[in-house]
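The values are calculated or read from the model by the stated rules, or taken from the named source; none is laboratory data. Because the structure is a prediction, the values reported are computed rather than measured. Positions of Cβ are backbone-derived with ideal geometry, glycine not excepted, and every protein chain shown enters the neighbour counts.
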Amino acid sequence: MDKLDISQDKKDSGQMEYKRQNKSKEIFRRFRKSKGAVIGLILSAMIVAVLILGPLFIPYEQATKQNFDNITVSPNSEHIFGTDNYGRNVFARIIYGGRTSISIALLASVTSCIVGSILGAMAGYFGGKIDSLIMRSLDIFMSIPDILFTMAVVVALGSSFKNLVIALTIAYFTNYVRLVRSQVLSLAEQDYVEAARAGGAGSFRIIFSHILPNAMGVIIVNVTLNIGKIIIYESTLSFLGLGMPPPAPEWGLMLSEAREFMRTAPHLLFFPAGAIVLTACSVNLMGDGLRDALDPHLKS
Amino acid sequence: MHRYIVKRLLFLIPTIFGVTLIIYAIMAMTPGDPGRAVLGVNAPQADVDEYNHMLGYDRPFLEKYLNYMKNIILHQDFGVSYFTKQPVFDEVLPRYSLTIKLAVVGVALAALIGVPLGIKAAVKQYSLWDTIPSVMAFFIAAIPQFVLGMILMFIFALKLNLLPSYGTGSIQHYIMPILAIAIPPAAQNMRFTKSSMLEEIRQDYVRTARAKGAEERTVIWKHVLRNALLPVVTQIGMSLGMLIAGTVVVEKLFTLPGIGSLIVDRITFKDEPVILAGTILISIAFTLVMLLVDITYAFIDPRIRAKYTRTRG
Amino acid sequence: MNDLILDIKNLEVIYKTDLETVKAVNGINLKIGKGKTLGLVGETGAGKTTTALSILRLLPSATGKIINGEINFEDTDLLKIKEEDMRHMRGNKIAMVFQDPMTSLNPVMTVGDQIAEAIKFHNEELSKEEVEKKVDDKLLMVGILPSRKVEYPHQFSGGMKQRVVIAIALACEPDLLIADEATTALDVTIQAQVLMTMMELRNRLGTSMLMITHDFGIVAKTCDDVAVMYAGEIVESGTVEDIFLGNKHHPYTEGLFGSIPNLSTRSDRLTPIPGLMPDPTNLPEGCTFAPRCKYSMDVCKKFHPKSITVEGEHSLLCHLFNEKIMSQQMEGKYE
C-alpha cells in the first residue's frame, strides 16, 4: 500500500526537487559500485596529497640545484628517483612539476568549462542571430588544429603560468559550447521550463536554476575527463619547449631533456612518463566512473 | 546534392579568411619587428625603420593582413624568414609533402586498426576481443603521443636495435613515427566504433530484422553496421586534430623534416613568418579535409542526401 | 486440436538480472483458432509483449528466459525446435508488428529493400524481378504507391511507416500475425485507417491474429476471442460476446470497463482501479489482484485462485466463481 503514495509522487512532474534528490543518491551509489571509479578516486586523491605535501619534505631548490658531481645517477637511497643530467633530484622535479601541471590543468579545465558553457547557454537559449554568430565563429575556430593554435598563442604572448592557462582554455572551451547548447535546446522545450516562464521567471533565472542543474552531470564528467587531457596536452607543450620556462621542472620538459640519455639513464624516461600516465589514468578512471554512474545503460 | 556541395564550398572561402585572420592576428601580438629581426641587434635604428617601412610594417593592421593574403594568393610570397633570411615559401614547400604523407597514412592506419577492433569488441562484448582492446585503449588514452614515441624508440631502437631512431631514407625510418602517430587515434576510433555499434544494436529496427527471420550475421553486417558506421566517419574527421598534433610532435621527436618540426624549431627564434606560414598551410589543409568529410557524410547518410536531392513527398 | 493455430500451455517467463528476478509471465494458457483473432488485453506491464516475444523466441538473450511451458504452433512445440528452424518460422509462418513505427524501420535502407529482405529470406529461389514484383504487390496491398519503394523511412509519415511494417510482416503471407499495440503510437484518425487496412488484409488472406492492445474498442471491432492479462496471468478469457455481453466478470475486467468512457451511458466520473499492478519481482501470495480488489476476501490473500469455467469457453481466475470456496465462505470457514 505504501508503494501507492510514492509512485503518485513520481508521476507528478512538478516534483522536480524530489526526483533530483533521488537521482543524486542513485548516482553516488552507482559510482561507489564501480571498482575502477573508486580506484581512480583513491589514486587521484593520493597523487594530490603527495603533490600538496611534497614541499614539506623536499625544498624547491632540490628540483633546480645543479650538481655536476652527481649526474645521471640511478635511483638510490639518497635520491629515490635518481638525478638528471644536471645533477638535479628527479623526485623533487617530479613533485614540483606535478604541482604546476595539475594546477594548470585544474584551472584551465574549470575556466574553459565556464567560458564554453556561458557561450553555449547563450547560443541555445537566445537562438537566432546570436546562435548563428556563436556557432559560425566556433566553426572557424575549430578549423584550426588545436596544437597550432596553442603554439601560436604561446609564441605571441610568451610562456608563463597565466598564458598557458589562457592558451589551454582557448583550446578546450569549444567542447562545452556544443554540449551546453544542445542541452539547453532540448531542455528549453520541456514543460517545466514553459511553466517557469509562465510563472514569470526571467531568462537568466531559467537558465541557471532550471536548465543548468540538469546539464550539470554531463558537464562535470567532461570537466573531469578534460583534466586528464589537459595534463597530457600540457606535457606535450612543455616537451616542445612551450611550457613554463626553465629551470622550472615540468614533466614534458624532463622527457625532452631525457632523450639524449635514454641509453645510459633510462630512469630519466620512466619516471616522468610514469607520472604522466599514472595521473592521467587515475583521472580518467574517475571520469569514466562518473560517466557510467550518470547513464548506466550506456554500458550494456 | 550539388546544391549541398556548392553551398559548402562557398562557405569555405570565408572560413579560410577567418582562419588566416585569426592566426595572423595572434602572431601579430608577438613582440619584435621584422626590421630588427632580419637586420640584427646591432643594426642602426634608421635602417631598421626603413626596412620596416618597406615591408609596410607601419601600416594599419587590416591593410597588413590583406596585403599578406594578396601576396600569398597571387605570388605565393610568404615573406622572408627572420632566421635564415630566405623566402619562406622555398623552405616550407618541400617539407609540406612529408607532413601530408605522415598525416594521411596516420589517418588510414588509425581507421584500419581501430574500426574493425571496435566492431569485434561490440559483437563479442565481454569476451577477450572486448576486454583486451578496451583496457589497452584506456592506457593509450593516458599516454601522450611523444611519450609513446619515446617508448617505441626505447624498445625498438635502443634495446632491440631493429629500427633507426632519427632521419629519413628508408621505410624503416617511418615505422615508429607512423605507429606513434596512428596508435592513439586508433584507440579512440575503436572505443567510438564500439559504442556506436552497441547503441545501434539496442535499436528497435534490429528487433524487426530478427522478427523477419534474419540470421544474426545479417543483422550485424547489413543492419547494424550501416547505421553504426555513419557517426564513425564524422568521428574520424574529428580525430584529425589529434592526429595533426601527433604529427608535429612526432616529427620533432624523430627529427623528420616536415612542417611540424620546422615550426617547432623556429619557435625559439621567434621566426614569425615561418611559423605563420606553416600554421596557415596546415590549417587550410585541415579545413579542406573537414569539408571532404562532411560531404562524404552527406553522400552516405540517406537522410541527409534526401534533403538535398528531392523535395519531400 | 487441429483447428487451433496456436496453443500455449503453462508458459512461464522470467527476466533475470544480477540484482533481481522479474516474473513476467506466470503460467498462462492461450488458444487461437485457425483464421480467428484473439485479443490480449491488459495494462502496460501485464506481460503481453513478453508473451508475444516468447512465441517468436525473441526475448533479450541476456536476461529473458522461458522456464516452463509449451508453445504449440500447428502441432509443433516452438520451444523445442532448433534456432535455425525457428528462424524459418519468423517472418514466414509467424510475423509480428511492433508498436513504434518511428523506430521499427532501418533508417538507412529503402522501404522496398526492407520488404524485399523479408521475402528473400524465405524464398531464396525467386529471381530479382519476381521479388520486386512481390514488393510492389505488398505495397499496393497496404495502400502505398509502389513507386515509393525507393524512398527511406524518414520520408513517410507515422501511419504510412506502420503500413510498411505491416507490409513487411505480411510479405510471406504468414499463418499467424501478432500485432503488439500496433496502432497505439498513432494519431486517432490514422489509427482507424491502419486498423482497417489490417482487418481487410486479415480477411483477405485468412490470417489468424493475436491482437495485443489495451483498448477495448479495438477488441470489440476486431476480435473473436479475448484474454485479459494481469500481472503475468490470464485472469479472464472467453469469446468477445462473453466478455462484452456476459454478466460474469473477473473483478479486474469489471474495473477496466468501469474506467472506460462510454458515450451511451451517462456518468459523472470515471472510476479508475485504485492502486497499481504489483511489483513483478515481489508478487503477493495468493491472488495477484487481491490488494486492489473490492471483493477481496481472506481466502484471496492466502490461496492462489484456480481457473474456473463459468460457461462454454468463458473462464475466470477468481475465488468468487469457485463454488466450493464460496460455499465454505458462507459457512465461515475455508480449506
So in the range A:261-274, with the set limited to residues that are buried (at least 23 other Cβ atoms within 10 Å of the Cβ) and among the aliphatic types (A, V, I, L, M), which one is nearest to the other protein chains (Cβ to nearest Cβ)?
A:A273
Against the definition (under 29 Å from C:P291 (Cα atoms) and either over 20 Å from the mean Cα position of the chain (by Cα) or in contact (Cβ under 8 Å) with a residue 40 or more places away in the chain (or both)), how does C:T189 come out, yes or no?
no
Looking at the range C:285-327, which of its residues are more than 31 Å from the chain's Cα centre (by Cα), touching a residue at least 24 places away in the same chain (Cβ under 8 Å) and surrounded by fewer than 17 Cβ atoms within 10 Å (Cβ to Cβ)?
C:D298
For the condition of a type outside the set (A, V, I, L, M, F, W, C) and under 30 Å from B:T168 (Cβ atoms), what is the one hit in B:G106, B:G56, B:G40?
B:G106
Any residue in the range B:4-11 that is under 24 Å from B:Y297 (Cβ atoms), within 11 Å of chain A (Cβ to nearest Cβ), assigned to a helix (DSSP H, G or I) and at pLDDT below 85?
yes
Take the residues in the range C:49-77 that are aliphatic (A, V, I, L, M) and not in a strand (DSSP E or B); name whichever of them is modelled with the lowest pLDDT.
C:A62
Answer yes or no as to whether C:N123 is closer than 20 Å to B:K222 by Cα and surrounded by fewer than 15 Cβ atoms within 10 Å (Cβ to Cβ).
yes
Starting from residues that are in contact with a strand residue (DSSP E or B) (Cβ under 7 Å, 6 or more places away or on another chain) and outside any loop (DSSP other than H, G, I, E, B), keep the ones in the range C:90-112 and report whichever is farthest from B:I201 (Cα to Cα).
C:I94
Please list, ordered by residue number, the helices (runs of 4 or more DSSP H) wholly in the range B:167-271 having 1 or more residues that are away from chain A (no Cβ under 14 Å), within 23 Å of A:M142 (Cα to Cα) and among the aliphatic types (A, V, I, L, M).
B:171-201, B:225-238
Any chance the range C:79-99 includes a residue that's touching a residue at least 60 places away in the same chain (Cβ under 8 Å), out of contact with any Pro (no Cβ under 6 Å at 6 or more places or on another chain) and away from every other protein chain (no Cβ under 14 Å)?
no
Yes/no for B:G40 being out of contact with any strand residue (DSSP E or B) (no Cβ under 8 Å at 6 or more places or on another chain), at pLDDT below 80, within 14 Å of chain A (Cβ to nearest Cβ) and on the phi > 0 side of the Ramachandran plot:
no
Give the residue, chosen from B:M190, B:M242, that is out of contact with any Cys (no Cβ under 8 Å at 6 or more places or on another chain), buried (at least 24 other Cβ atoms within 10 Å of the Cβ) and touching a residue at least 24 places away in the same chain (Cβ under 8 Å).
B:M190
Being touching a Gly at 6+ places or on another chain (Cβ under 8 Å) and either within 28 Å of A:T264 (Cβ to Cβ) or buried (at least 19 other Cβ atoms within 10 Å of the Cβ) (or both) is the requirement here; does B:V92 meet it?
yes
So A:S112, is it under 14 Å from the mean Cα position of the chain (by Cα) and under 17 Å from A:M244 (Cβ atoms):
no
Among the residues of the range C:118-161, which ones are closer than 23 Å to B:R303 by Cα, touching a Leu at 6+ places or on another chain (Cβ under 8 Å) and more than 12 Å from chain B (Cβ to nearest Cβ)?
C:L139, C:P146, C:K149, C:G158, C:G159
The conditions are (1) within 11 Å of another protein chain (Cβ to nearest Cβ); (2) among the polar types (S, T, N, Q); (3) touching a residue at least 12 places away in the same chain (Cβ under 8 Å), and A:S137 fails exactly one of them. Which is it?
(3)
